[in-house]
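Here the structure comes first, spelled out in structure tokens, and everything after it is commentary.
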Amino acid sequence: MKQVLPTVAALALLAAAPTPSQAATLTVGTSAEPSALDPHYHNLGPNTRARKHVFESLVSMDAKMRLQPELAESWRAIDETTWEFKLRKGVKFHDGTEFTAQDFVYSVCRIPNVANSPSSFTVYTKGIAGIEAPDPHTLIIRTGKPYPLLPVELSTFGIISAKAAGGGAVTFDKAGCKAESWPTTQAFNDGSLMIGTGPFKHKSYTKGDRQVLERNPDYWGPQPAWDTVVFRPITSDGPRVAALLAGDVDIIESPPVQDIERLKSAPNVSLAQAQSNRVIYLALGVQDTPPTITGTDGKNPLKDPKVRKALSLAVDRDAIVKRIMMGVAEPANQYLPAGFYGNNPEVTVATDANKAKQLLAEAGYPKGFQLTLGTPNDRYINDDKVAQAVAQMFTRIGVQTQVDATTANVFFSKRNKQEYSVFLAGWGADSGEMSSPLKALIATPIKEKGYGTTNYTSYSDPELDGMLDTALATVDDAKREKLLQAAVKRAMDADIIIPLHYEVTVWAMKKGLSYEPRADQYTLAQKVTPAK
Amino acid sequence: MLVFILRRLAQSAVVVVAMSVLVFAGIFAIGNPIDVLISPEADAFERAAAIARLGLDKPMHEQFIRFVDSALGGDLGTSFVHGVPALGLVLQRFPATLELALCAMLVAVVLGIPLGLWAGLKPDSLAGRVIMTGSILGFSLPTFWVGMMLIMAFAVTLGWLPAGGRGATASLFGVQWSFLTADGLAHLILPALNLALFKLSLVIRLARAGTREVALQDYVKFARAKGLAPARVVGVHILKNIMIPVVTVLGLELGSVIAFSVVTESVFAWPGMGKLLIDSILQLDRPVVIAYLLVTVLLFVVINLIVDLVYSLLDPRIRLGGGRA
């Protein structure tokens with residue numbers, strides 16, 4: 001103790017004195033931590049965020065989720081099932097070796113061979129039937145069937161160095177690439193294989209505490225403004241805001257909605273916000289025996305399109321956005337906001353309680369029925385409060401609604417067992433285009449096609465599935481967009497997935513910094529700049 | 001003595017076995033990890049593959065047998081989320097939590113005993129009353145709120161101390177510790193204070209109650225009558241006698257401070273076991289939750305054993321081994 005006290009006093013003095021300017025270090029407070037640094041280990045937001053600083057992909061997405069060149073300078077479809085990618089020349093890995101087509105081949109080969117991967121990237125590589133490299137900077141990628149989303153999917157995973165990982169000679173084989181061994185996740189976590197082409201080099205990593213990166217002076221693209229970047233996971237909302245206000249960190253992601261007013265009025269904080277790719281929706285189950293509906297003699301009223309339309313009309317989206325989301329959301333009229341690929345400008349939603357009551361009466365439920373609405377209470381912004389509001393709006397048209405709010409892991413288990421007739425959830429379209437929500441939420445569950453993976457409503461419309469089939473086999477971008485727009489119209493007319501709002505993602509940072517807000521919600525240090 | 005220790009070890013083994021069964025059954029009751037772990041974009045084949053990879057396709061009793069089998073070999077399973085051994089993950093975080101807990105206990109003892117003594121010796125003085133009122137606050141204010149207030153006061157408003165995180169560390173015995181560097185110490189102060197608050201109040205109350213009782217005993221009166229210096233009366237005759245309950249309670253509380261520093265670790269983003277536990281529960285990372293709870297059980301068992309031994313040193317009348325000596 002004798003030595004501690006003077007140290008404390010000295011520290012207090014030090015901290016009170018003006019600190020020297022550290023313009024070249026950026027400290028980021030993140031809301032979640034990656035489960036590993038291995039870029040192929042876990043297909044999860046925080047992992048991808050961490051990956052994008054060190055490892056790059058052939059194609060990347062800009063802040064509005066439009067495709068742009070990264071390690072590939074250009075690409076084109078030679079025919080329906082053959083794609084040609086021209087790779088960037090003169091790109092160096094962090095260990096000095098040159099990036100070539102072989103590194104891509106090796107990365108695609110390694111993805112199915114990551115041990116213990118909880119959620120693998122193979123969803124994005126299994127469309128690939130063959131890869132050839134006529135020269136070190138050209139890739140010919142063949143797909144088994146017409147596959148327009150190939151460039152989008154190639155933006156999801158990072159490319160590691162084949163040479164550093166000991167795979168210089170591996171060739172692609174659809175049935176499984178041959179290699180003596182594959183690099184372990186541990187080799188990435190301890191830093192030995194953190195060799196990418198990205199704007200930052202790996203420096204150190206302490207799980208739960210911090211990840212430190214330093215600038216890559218040989219980066220092919222524009223140099224980031226920071227010599228050093230520190231990522232600190234601060235998973236609790238309040239402390240993350242406090243860390244920013246205290247000056248411990250320079251920028252934080254997703255400050256809690258209730259603190260946004262305060263941050264706006266703080267003199268040394270500025271905010272950036274953008275519409276995200278995530279829609280919050282209600283899903284209406286059309287099972288034969290509804291699990292959480294009573295007062296209908298066991299029948300499922302949601303099978304009647306009129307009842308579904310009535311529930312959609314009952315929701316006042318503007319009120320939810322203004323009063324519950326405090327403006328940190330935009331009312332939604334379909335599954336992706338305007339400006340995203342596949343958004344159909346002709347699709348609209350309306351709020352009309354009287355019409356809703358009338359439709360209920362026409363459907364044979366003049367006195368309504370009782371309903372329990374399932375929702376998580378810690379997954380989306382204000383999720384349980386939104387559900388409460390929706391319940392009141394349903395009750396107003398005569399459908400007595402209760403809310404069953406539980407923590408996310410319990411909610412998702414119950415939902416996946418179809419224990420709710422109606423539930424609230426969210427969908428972020430990682431691909432940034434309309435086929436993602438259509439395929440996952442409303443298409444008929446078909447294993448082979450990967451359709452309906454999150455369709456827990458028992459809804460099935462073969463005609464809609466057919467429209468999706470056609471769209472997903474159309475390589476012509478303009479034609480495909482028309483087909484997706486038609487499909488979203490049909491899906492919205494069914495009122496199975498009722499969109500409520502698009503979440504808005506907010507970043508808070510020290511005054512003097514600027515960040516272009518991203519629809520995919522990633523916090524990228526290379527895009528944080530000192531404002532001029 | 002040896003018999004006592006052996007018997008305690010046997011008891012402890014039973015506790016550990018019972019706990020592992022309870023924990024395993026309990027963790028099975030909440031949710032399905034697959035629903036949380038897997039990307040919603042994954043298709044049905046991916047899901048099936050992941051379920052098989054994690055061994056979740058087997059019935060519970062089979063999973064339990066497999067768990068016991070490898071646990072006997074010292075392997076508590078592989079984290080679903082991080083893909084590394086769960087026990088290693090927990091032990092890696094242990095020094096950070098231990099350091100925080102010991103600092104908190106130090107604060108509680110160094111401040112609590114003198115304050116409690118004072119309040120016990122002068123119960124009607126203004127200082128005595130202030131101390132007691134303060135201890136009530138320490139009991140009743142929620143840790144989370146106090147932590148946020150500490151951050152708002154000392155980090156945000158005054159800017160004296162960092163708002164969270166562990167700061168720089170230095171290596172001792174191959175482990176990273178914060179208290180060895182100035183930056184680390186600065187990061188340690190607020191969370192240690194936050195964690196100490198409840199224990200501090202407890203120590204104050206125990207010390208005060210003990211002092212009031214002991215001060216009226218004949219031997220204290222006799223010591224005073226003999227003309228011993230007041231400092232010696234308080235320092236030896238009173239202090240030594242109030243320490244027995246304090247040591248017992250602190251021993252037990254050390255376990256709980258380590259086990260339940262969850263709240264403080266979350267508020268201050270302190271990379272300890274508690275934060276790992278919360279994250280693991282939210283992600284349904286079963287092996288990590290089980291490893292954490294088993295480590296905690298072992299910790300309690302060891303601490304209780306040490307408490308019993310220290311107890312006998314403080315008061316020779318208490319004999320270990322059930323009075324057959």
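Laid out as a table, the results:
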{"read-out": "FRET E, pair A:SER460, A:ASP318, Förster distance 30 Å, beta-carbon r, rounded to 0.05", "value": "0.40"}
{"read-out": "Simple label model, 7 Å out from Cα along Cβ direction - B:HIS61 to A:ARG396, nm", "value": "5.5 nm"}
{"read-out": "Kirkwood-based shape ratio for region B:246-299, expressed as Rg/Rh from alpha carbons", "value": "1.03"}
{"read-out": "Gap separating the Cα centres of region A:348-392 and region A:423-463, nearest whole Å", "value": "22 Å"}
{"read-out": "Rounded D (µm²/s) - region B:89-282, Kirkwood Rh over Cα pairs, Stokes-Einstein at 20 °C, 1.002 mPa s", "value": "119 µm²/s"}
{"read-out": "Options B:PRO114, B:ALA153, B:VAL236, ranked by Cα towards positive dipole end of chain B, top entry (Cβ charges)", "value": "B:VAL236"}
{"read-out": "Shielding by partners - mean other protein chain Cβ count within 10 Å, residues of B:85-98", "value": "1"}
{"read-out": "Rounded to 5, the percent of DSSP beta bridges in chain A classed as antiparallel", "value": "75 percent"}
{"read-out": "Percent of alpha-carbon pairs separated by more than 40 Å within the protein assembly as shown", "value": "46 percent"}
{"read-out": "Label-reachable residues, region B:90-126, where backbone N falls under 16 Å from a point 7 Å from B:SER140's Cα toward its Cβ", "value": "none"}
{"read-out": "For the protein assembly as shown, size of Cβ-based charge dipole, Lys and Arg +1, Asp and Glu -1, in debye", "value": "2900 debye"}
{"read-out": "DSSP-defined antiparallel bridges as percent of all bridges, region A:350-506, nearest 5", "value": "10 percent"}
{"read-out": "Relative packing of peptides A:276-288, B:18-30, A:82-94 - highest average C-beta neighbours within 10 Å first", "value": "A:276-288, A:82-94, B:18-30"}
{"read-out": "Estimated D of region A:57-192 in µm² per second, where Rh is the Kirkwood radius over Cα pairs and Stokes-Einstein applies at 4 °C, 1.567 mPa s", "value": "84 µm²/s"}
{"read-out": "Cα centre as origin, Lys/Arg/Asp/Glu Cβ charges: region B:89-282 dipole, Debye", "value": "740 debye"}
{"read-out": "Test item: A:115-125 mean partner chain Cβ contacts at 10 Å", "value": "6"}
{"read-out": "Of B:LEU126, B:LEU188, B:LEU115, the one that fluctuates the most in a GNM where chain B has Cα springs shorter than 10 Å", "value": "B:LEU126"}
{"read-out": "P(r) tail fraction, region B:1-64 - alpha-carbon pairs more than 17 Å apart, %", "value": "59 percent"}
{"read-out": "Normalised convex hull volume, region A:206-338, alpha-carbon set, Å³ per residue", "value": "225 Å³"}
{"read-out": "Nearest-0.05 FRET efficiency for B:LEU158 and A:ALA338, computed from C-beta distance (R0 35 Å)", "value": "0.15"}
{"read-out": "Calculated diffusion of region A:159-228, Stokes-Einstein form, Kirkwood radius summed over Cα pairs, 25 °C and 0.890 mPa s, µm²/s", "value": "174 µm²/s"}
{"read-out": "Spin-label model distance (nm) - A:LYS299 vs B:ARG232, 7 Å beyond Cα toward Cβ", "value": "9.7 nm"}
{"read-out": "Mean-position separation - Cα centroids, region A:166-221 and region B:124-175, in angstrom", "value": "41 Å"}
{"read-out": "Förster radius 22 Å - calculated FRET efficiency between B:MET149 and B:LEU102, Cβ distance, rounded to 0.05", "value": "0.40"}
{"read-out": "Sorted peptide list for A:251-264, A:306-319, B:136-149, criterion being average Cβ within 10 angstrom, highest first", "value": "A:306-319, A:251-264, B:136-149"}
{"read-out": "Part-to-part distance (alpha-carbon centres) for region B:200-258 and region B:1-38, which is given in Å", "value": "37 Å"}
{"read-out": "Label-point separation, A:ASP493 to B:PHE45 (7 Å along Cα→Cβ), nm", "value": "3.4 nm"}
{"read-out": "Exercise: per-residue mean of other protein chain Cβ atoms within 10 Å, B:162-171", "value": "5"}
{"read-out": "Whichever aspartates and glutamates have a C-alpha closer than 15 Å to that of A:LYS163, once near sequence neighbours (fewer than 8 apart) are set aside", "value": "A:ASP95, A:GLU98, A:ASP103, A:GLU180"}
{"read-out": "Zone of A:ASN416's modelled label, taken as backbone nitrogen in region B:4-44 under 17 Å from a point 7 Å along Cα→Cβ", "value": "B:27-44"}
{"read-out": "Chain B: proportion of alpha-carbon pairs further apart than 31 angstrom, %", "value": "47 percent"}
{"read-out": "Sorted by Cβ density within 10 Å, fewest first, the residues A:MET467, B:MET152, A:MET434", "value": "B:MET152, A:MET467, A:MET434"}
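Only the coordinates and a few stated rules stand behind these numbers; no lab work does. Keep in mind that this is a model prediction, so the values were computed, not measured. Please note: Cβ atoms are built from the backbone with ideal geometry, for glycine as well, and neighbour counts cover all protein chains shown.
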